[in-house]
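Note sheet for the following structure.
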Amino acid sequence: MNSVATLEKITALCKRRGFIYPSSEIYGGLANVYDFGPLGVELKNNIKRLWWQRFVHRRDDMVGLDASIFMNSKVWEASGHVASFSDPLVECKACHARFRSDDEGFDMDANCPECGEKQGFFDAKQFNLMFKTQIGATQENSSDVYLRPETAQAIFVNFKNILDTTRQSIPFGVAQIGKAFRNEITTGYFIFRMLEFEQMEIEYFIREIDWEKTFDHWQDEIMNWALSVGMKKDNLKFREHDDKERSHYSKKTVDLEYNFDGNFKEIYGLAYRGDYDLKQHKLTFADQQTGESYTPHVIEPSFGLERTILPILLDAYTEDENRIVLKLNPNIAPYKAAVFPLVQNKEEIVKKAREVHQMLITAGIYSAWDHRGNIGKRYLAQDEIGTPYCITIDYDSLEDNAVTIRDRDTTKQERVAIDKLCEYIKSQIVKHEA
Ligand code: ATP
């Protein structure tokens, strides 16, 4: 992250301007759960749209899926999650607070970080991260189901459906964006680790022989994506898992890590999963051309949506002289423009400004409206939420049918004809679409 951005500043800005609120705040909140406010939901939707365009619409070898959160529990038994999707937890003997014993900085011999007592901890026990609930009206006839801890398994179990209903053949990939749930114990660091979060995942099915070149391709794609949404190269690095960390079925796994205030932490994962998943679900591929039948291998790029948002905000945050500016990529910014009538009390100016605002919205350029206070203050309010262009309709606009457009980053102002305005803004936005 850059030198002026801190997690505290970002958290405060997100709350103040309606990006992200603590969940159920009026009842004291709920640890590791957050709500996305009016600007947060725009930011999220813009990121998801860009991701989908890039990895589904622009590629012939990819299709999408939107599967349910609930699945038959047999899925999670076959995938290995019921048996082993767990973290090692220790419990304080005094206050019974639980901690991950594998957390960096946790010391079994130290005082309890919660109550401060030094009575020691019970030995580590494996704690399954899946949330469990029941389907059914009564205890007796209900059955256990899990809230999915990842979106990936739904792709595997739909492998045959997708092959039967599309023209895809190996190699091809399936992408999905959706909620995932994990009963995480470690708290803190804002939206980095949540109980409920969104994943953007891809399972890419290949022949075994192609795994290395496909892995390299997706590693490049992951980095290109991160840069295209505005993360700074200097704050990113890949880290390869060693033998101990890697799952037994994976020959290679790398994480893309982001530099959170000196600590590099995982934001995305890329795993070569071999043929483990399809074999567990007893799924194969029958090649119509050659008559050959085999189990495809899988490369899995996995992107966390909230772990995309946090680095983007940290890298976009700047303070210059007396203003805070979120230098968001215009494609991601909640509003692409803001429209201001210079004064509130001149009916023709307000009317013209309303027409310009409506014209932008109709053209798909989501625009904010602000008629209060002086123009300088209105600029500052838009800078802080990353709006790339502010448009002012003034007295001259009534004569020349033009507006003043001010650039967020340079603060330079230009006069642009109203009938050229949509084209002008769209061309600026396209420039940022890597
Ligand atoms: P960590 O080691 O940080 O717990 P992980 O290795 O368990 O992460 P994966 O299972 O590889 O994570 O999940 C894929 C992606 O989903 C991660 O790279 C991350 O972006 C996101 N993700 C995982 N857990 C969370 C969480 N609790 N909150 C927000 N995002 C998450």
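Go through the residues of region 417-434 one by one and say whether even a single one is part of a strand (DSSP E or B) and within 29 Å of the chain's Cα centre (by Cα).
If we filter region 417-434 for residues that are part of a strand (DSSP E or B), which is where we start, we get 417.
Next, only the ones that are within 29 Å of the chain's Cα centre (by Cα) stay: none.
Looking through region 417-434, none of the residues is part of a strand (DSSP E or B) and within 29 Å of the chain's Cα centre (by Cα).
For region 282-324: of the residues being buried (at least 16 other Cβ atoms within 10 Å of the Cβ) and among the aromatic types (Phe, Trp, Tyr), which is farthest from the chain's Cα centre (by Cα)?
By that ranking, first place goes to PHE285.
Quick one: which residue in LYS244, LYS237, LYS251, LYS265 is of a type outside the set (Gly, Ala, Ser), modelled with pLDDT under 95 and either within 15 Å of the ligand (Cβ to nearest atom) or not assigned by TED's automatic domain parsing to the domain that holds ASP287 (or both)?
Sole residue among the options that is of a type outside the set (Gly, Ala, Ser), modelled with pLDDT under 95 and either within 15 Å of the ligand (Cβ to nearest atom) or not assigned by TED's automatic domain parsing to the domain that holds ASP287 (or both): LYS244.
If I ask for residues that are surrounded by 16 or more Cβ atoms within 10 Å (Cβ to Cβ) and over 13 Å from TRP225 (Cα atoms), which ones from region 24-55 would you list?
Answer for region 24-55, where residues must be surrounded by 16 or more Cβ atoms within 10 Å (Cβ to Cβ) and over 13 Å from TRP225 (Cα atoms): ASN32, TYR34, PHE36, GLY37, LEU39, GLY40, GLU42, LEU43, LYS44, ASN46.
Would you please list the contacts, defined by Cβ atoms under 6 Å and residues six or more apart or on different chains, that run from a residue in region 191-218 that is among the polar types (S, T, N, Q) to a residue that is within 15 Å of the ligand (Cβ to nearest atom) and assigned to a loop (DSSP other than H, G, I, E, B)?
GLN199/THR151
Can you tell me how many residues within region 37-51 are within 17 Å of ALA12 (Cα to Cα) and within 13 Å of the ligand (Cβ to nearest atom)?
0
So, in region 377-404, how many residues would count as being without any contact (Cβ under 8 Å) to a residue 24 or more places away in the chain and of a type outside the set (Gly, Ala, Ser)? So that I can check it myself, show each step before the final result.
To start, the set of residues in region 377-404 that are without any contact (Cβ under 8 Å) to a residue 24 or more places away in the chain comprises 377, 381, 396, 399-402, 404.
Still in the running and of a type outside the set (Gly, Ala, Ser): 377, 396, 399-401, 404.
Final tally of qualifying residues: 6.
Any idea which of (1) within 14 Å of the ligand (Cβ to nearest atom); (2) surrounded by fewer than 18 Cβ atoms within 10 Å (Cβ to Cβ); (3) part of a helix (DSSP H, G or I) is the one LYS279 doesn't satisfy?
That leaves (1) as the condition not met.
For region 109-119, indicate whether the set of residues that are farther than 13 Å from THR186 by Cα and surrounded by 17 or more Cβ atoms within 10 Å (Cβ to Cβ) is non-empty. Can you show your working first?
Looking only at region 109-119, we keep the residues that are farther than 13 Å from THR186 by Cα, and these are 109-112, 115-119.
In the following step, the residues that additionally are surrounded by 17 or more Cβ atoms within 10 Å (Cβ to Cβ) were identified as 112.
Yes - at least one qualifying residue is present in region 109-119.
Based on this model, can you work out whether ASP66 counts as in contact with a Gly (Cβ under 7 Å, 6 or more places away or on another chain), in contact (Cβ under 8 Å) with a residue 12 or more places away in the chain and charged (D, E, K, R)? Break it down stepwise before answering.
Numbers: in contact with a Gly (Cβ under 7 Å, 6 or more places away or on another chain): yes; in contact (Cβ under 8 Å) with a residue 12 or more places away in the chain: yes; charged (D, E, K, R): yes.
The answer is yes for ASP66.
Going through MET200, MET194 one at a time, which residue ends up being closer than 20 Å to ASP35 by Cα and either part of a loop (DSSP other than H, G, I, E, B) or more than 24 Å from the chain's Cα centre (by Cα) (or both)? Spell out how you get there, then give the answer.
Numbers: MET200 fails: either part of a loop (DSSP other than H, G, I, E, B) or more than 24 Å from the chain's Cα centre (by Cα) (or both).
The conditions single out MET194.
Of the residues HIS357, HIS371, which single one is in a helix (DSSP H, G or I) and either farther than 25 Å from SER228 by Cβ or over 32 Å from the mean Cα position of the chain (by Cα) (or both)? Working first, answer last.
Working: HIS371 fails: in a helix (DSSP H, G or I).
Step by step, each of HIS357, HIS371 is checked, and only HIS357 is in a helix (DSSP H, G or I) and either farther than 25 Å from SER228 by Cβ or over 32 Å from the mean Cα position of the chain (by Cα) (or both).
Can you name the residue in region 288-297 that is over 11 Å from TYR276 (Cα atoms) and hydroxyl-bearing (Ser, Thr, Tyr) and is also farthest from the ligand (Cβ to nearest atom) among such residues?
Let us first name the residues in region 288-297 that are over 11 Å from TYR276 (Cα atoms), namely 288-294.
Imposing the further condition that a residue be hydroxyl-bearing (Ser, Thr, Tyr) reduces the set to 290, 293-294.
Values: THR290: 34, SER293: 31, TYR294: 27 Å.
Among them, the one singled out is THR290.
Looking at region 165-174, can you tell me whether even one residue there is outside the structural domain of GLU300 (by TED's automatic domain parsing), surrounded by fewer than 17 Cβ atoms within 10 Å (Cβ to Cβ), hydrophobic (A, V, I, L, M, F, W, C) and more than 15 Å from the ligand (Cβ to nearest atom)? Reasoning before the result, please.
Step one: filter region 165-174 for residues outside the structural domain of GLU300 (by TED's automatic domain parsing), giving none.
Checked against the condition, which is being outside the structural domain of GLU300 (by TED's automatic domain parsing), surrounded by fewer than 17 Cβ atoms within 10 Å (Cβ to Cβ), hydrophobic (A, V, I, L, M, F, W, C) and more than 15 Å from the ligand (Cβ to nearest atom), region 165-174 yields no hits at all.
For region 298-350, list the strands (runs of 3 or more DSSP E) that sit wholly inside it and hold at least 2 residues that are acidic (Asp, Glu) and either closer than 30 Å to ARG207 by Cα or more than 16 Å from the ligand (Cβ to nearest atom) (or both); which are they?
In region 298-350, 317-320 are the strands (runs of 3 or more DSSP E) which contain 2 or more residues that are acidic (Asp, Glu) and either closer than 30 Å to ARG207 by Cα or more than 16 Å from the ligand (Cβ to nearest atom) (or both).
Taking region 291-313 as the region of interest, how many residues are β-branched (Val, Ile, Thr) and within 17 Å of ASN235 (Cα to Cα)?
3
The values are calculated or read from the model by the stated rules, or taken from the named source; none is laboratory data. As the structure is a computational prediction, the values presented were derived from the model and not from experiment. Reconstructed Cβ throughout: ideal geometry from the backbone, glycine too, with neighbour counts over all protein chains shown.
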